[in-house]
1. Measuring from centroid to centroid over Cα atoms, what is the spacing of the stretch A:173-239 and the stretch A:72-118 in Å?
2. Could you give the angle, 0 to 90 degrees to the nearest 10, between helix A:59-69's Cα long axis and the longest principal axis of the Cα atoms of chain A?
3. Percent antiparallel among DSSP beta bridges with both residues in chain B, to the nearest 5?
4. Ignore the peptide's own chain and count Cβ atoms of other chains within 10 Å of each Cβ in B:80-92; give me the average, rounded.
5. What list do you get for A:139, A:105 if you sort them by fewest beta carbons within 10 Å?
6. Give, in nm to one decimal, the length gained when the segment between residue B:15 and residue B:219 is fully stretched (0.36 nm per residue of separation minus the Cα-Cα distance).
7. Based on the mean of other beta carbon atoms within 10 Å per residue, what is the order of A:57-70, B:191-204, B:23-36, most packed first?
8. Output the 0 to 90 degree angle, nearest 10, between the alpha-carbon long axis of helix A:189-216 and the longest principal axis computed from the alpha carbons of chain A.
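Laboratory data are not the source of any read-out in this text; all were calculated from the coordinates shown. This structure is a prediction, so every number in the text was calculated from the model and none was measured. With ideal geometry, Cβ positions are generated from the backbone for all residues, glycine too; neighbour counts draw on all protein chains shown.
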Ligand SMILES: Nc1ncnc2c1ncn2[C@@H]1O[C@H](COP(=O)(O)OP(=O)(O)OP(=O)(O)O)[C@@H](O)[C@H]1O
Ligand SMILES: [Mg+2]
């Protein structure tokens, strides 16, 4: 018996999304298979060799952490996520402003660009304890660490994007009598949107790690402090569980930035093939 | 009001570089207010360079370039300029690109939009108002660029091969259409083209340039009654004028 399947109109945005999600699932299937195989091997090794849990817990033991102590996580996740998002937000705002200044005022470029580059050579491991001394044990030093880590890739990419604007487009807009500010608004900034998001993606990958680093020196809550406490108690299974959560949080942030990039540059996805744009 | 809308005197320019390119070698040109003036010349002779000077985007080595009596050197914004490439902003939809010049000139947005929407139909772009430039064909992009130029509120239009990407049929329609619009709004047009017929159909005056380094090789007054129908190309007088223009172009080709 033939069943009438109501066909989804191809122009519906949901259709494209569905199709892409399916394609993505297929694309990542091999990676998933490999991951499952590795985890299985790990479980087997731990069981066969009878490794002591404080040295290397089995995946099943890590799973048990979520099952039995899962309630411990939400508060820590919230703290770390807030620090990471606040930090990357501050870095994005400050980074864009600095990038615009660097790109449009030569003296700023000559003075600030080298300083921005040099700032990246200061090891966080040195800076983090100092920030605690200066800013206390609250959220501020953590946000600062995240901000400092995220700032650089955002500035560099955005400056590149601003500089790569089509000179002939700039000339066209100038021929219409546009001021420097209007050139910035109509041509330079829109040209830099894709590069800005490329920088923001790199920053997103660093942000959670940055927050954890910030917590390392001292904090009341957060995944970083959770890891430290677990280590002191030889709860290696908890450390591994926390690592899983950190990875998931990073991925979530990365995906969020990716989606934001799509929303902010609709013209790059106008033909909705999923493969144009980066 | 004897002042020319466009005046160029003794314009010289060499692009610097390791191999400097001498492009303009003392070019003179004049366009009366409201006139349609064409500029015909071999490829690479410096037509676009000339227009860039008039658009205020390029400072020449020597000479004068005036739009309505004001020097354009270091002063963009005196004329509406359509570059040879369409240069549509990819992040603006068709309608947004159309109103760009009007917006920068400070026209109220809603009014500029309404004005632009009225013209989409006439430019053969109806239904594509909300499309992104990447979704338009080459000819449509060029028509949109022309529309954008028309909506720049200036008395002088500088058009660099505006119909270069159009097929012969659309081109002929655009010729008819351009004559109508031009007749109704009394603007001065400086029109660059390779196409001798196009120059004769549209112009009051046609200038022929020499190959690089360019000078003016000839100036023709074109006095056919208006409006000029597409059939004019078979008129004996037109054919004779076309031959003279081509001879002027050929006479200047390097031996
Ligand atoms: N920015 C530039 N730097 C150096 N040389 C240039 C530059 N722009 C143009 N030229 C050179 O100047 C000459 C004239 O260029 P132009 O674009 O004005 O020619 P054109 O008459 O518009 O040609 P076409 O009909 O092919 O558009 C060419 O030989 C070109 O190589
Ligand atoms: Mg040219």
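1. 7
2. Rounded to the nearest ten degrees, it is 90.
3. Around 55 percent antiparallel, to the nearest 5.
4. 5
5. Ascending number of Cβ neighbours within 10 Å: A:105, A:139.
6. Roughly 70.8 nm would be gained on extension.
7. Descending mean neighbour count gives B:191-204, B:23-36, A:57-70.
8. It works out to around 30 degrees.
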